[in-house]
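Asks: Below is a structure I'd like to ask you about.
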Amino acid sequence: MSKNLVSINDLPPAGKEFVLDDQQIWLDPIREFKMDCRITEPLKMKAFVQATDEGCVVRGELTGAVVVPCNRCAENAPVAFDSKFDEYEEIPASPKQRLEDSHIVFDHNAPMLNLDEVAWEQLMLAMPPNPLCRDDCKGLCPDCGSNLNIAACECSKDEGDPRMRIFREMAAEKK
Ligand SMILES: [Zn+2]
Ligand SMILES: [Zn+2]
């Protein structure tokens with residue numbers, strides 16, 4: 001993977017902007033985690049990095065688009081990104097320590113921000129938890145597996161569990 005490592009100590013005091021648009025930054029982890037995710041519009045992260053006393057501030061935006069499986073029917077669900085982020089990265093106290101929510105690693109005692117990891121994390125954060133092919137996706141029939149967006153199946157006409165019929169009839173009589 002192309003490593004976009006930013007040396008925190010070498011950042012200008014006013015900060016610096018980085019643009020990441022090598023698709024491999026996202027394609028590598030997509031493959032590694034065997035994610036069903038296809039890039040349909042090139043992903044791009046702009047990140048402005050400014051050093052602070054104990055870390056750095058990363059501000060930027062992620063744009064692009066992907067297609068993932070719909071949460072209800074598994075057909076293509078398009079997801080477009082236009083998200084802004086603003087986060088703080090802390091420098092671990094010692095080169096041996098690795099902070100869980102920090103993407104700063106040491107290279108010969110120099111703290112380096114791994115922007116590739118930030119770019120991947122931002123994609124994951126921007127991903128909707130419940131992607132849908134369309135807002136009113138009807139999903140799959142739990143009985144026969146038919147895609148109900150395409151056609152209604154026979155199951156929906158079924159009266160349900162025959163053992164429960166007596167209760168349904170009693171309920172109907174009371175009305
Ligand atoms: Zn769907
Ligand atoms: Zn069905």
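Asks: For the stretch 26-41, which residues satisfy the criterion of being over 14 Å from the mean Cα position of the chain (by Cα) and closer than 17 Å to Val118 by Cα?
Replies: Selection gives Asp28, Glu32.
Asks: Quick check on my filter: what residues within the stretch 9-59 are outside any strand (DSSP E or B) and within 20 Å of Glu90 (Cβ to Cβ)?
Replies: Residues satisfying the conditions are Asn9, Asp10, Leu11, Pro13, Gly15, Thr52, Asp53, Glu54.
Asks: Which residue is nearest to the chain's Cα centre (by Cα), if the candidates are limited to the stretch 42-60 and must be more than 30 Å from Ala77 (Cα to Cα) and open to solvent by 60 Å² or more (accessible area, probe 1.4 Å)?
Replies: Phe48
Asks: Let me confirm something: among Leu125, Leu99, Leu62, which residue is more than 16 Å from ligand 1 (Cβ to nearest atom) and in a strand (DSSP E or B)?
Replies: Only one candidate qualifies: Leu62.
Asks: Consider Asp101 carefully, then state whether it is loosely packed, with under 15 Cβ neighbours inside 10 Å, within 17 Å of Glu121 (Cβ to Cβ) and either under 19 Å from the mean Cα position of the chain (by Cα) or hydroxyl-bearing (Ser, Thr, Tyr) (or both).
Replies: yes
Asks: Quick one: Cys73 ticks every box in (1) in contact with a strand residue (DSSP E or B) (Cβ under 7 Å, 6 or more places away or on another chain); (2) closer than 17 Å to Leu125 by Cβ except a single one, so which number is it?
Replies: Evaluating Cys73 over (1) in contact with a strand residue (DSSP E or B) (Cβ under 7 Å, 6 or more places away or on another chain); (2) closer than 17 Å to Leu125 by Cβ leaves (2) as the failure.
Asks: Being within 16 Å of Ala80 (Cα to Cα) and among the β-branched types (Val, Ile, Thr) is the filter here, so list the residues in the stretch 7-43 that pass it.
Replies: Within the stretch 7-43, Ile39, Thr40 meet the criteria.
Asks: Which residue is farthest from ligand 1 (Cβ to nearest atom), if the candidates are limited to the stretch 129-150 and must be in a loop (DSSP other than H, G, I, E, B) and touching a strand residue (DSSP E or B) at 6+ places or on another chain (Cβ under 7 Å)?
Replies: The extreme case among them is Ser146.
The values are calculated or read from the model by the stated rules, or taken from the named source; none is laboratory data. All of these numbers come straight from a predicted model, not from anything done at the bench. Cβ sites come from the backbone with ideal geometry, for glycine too, and all protein chains shown count toward neighbours. Remember, those area values only see protein heavy atoms, side chains included, never the ligands or the DNA or RNA. Shrake-Rupley method; radii C 1.70, N 1.55, O 1.52, S 1.80 Å.
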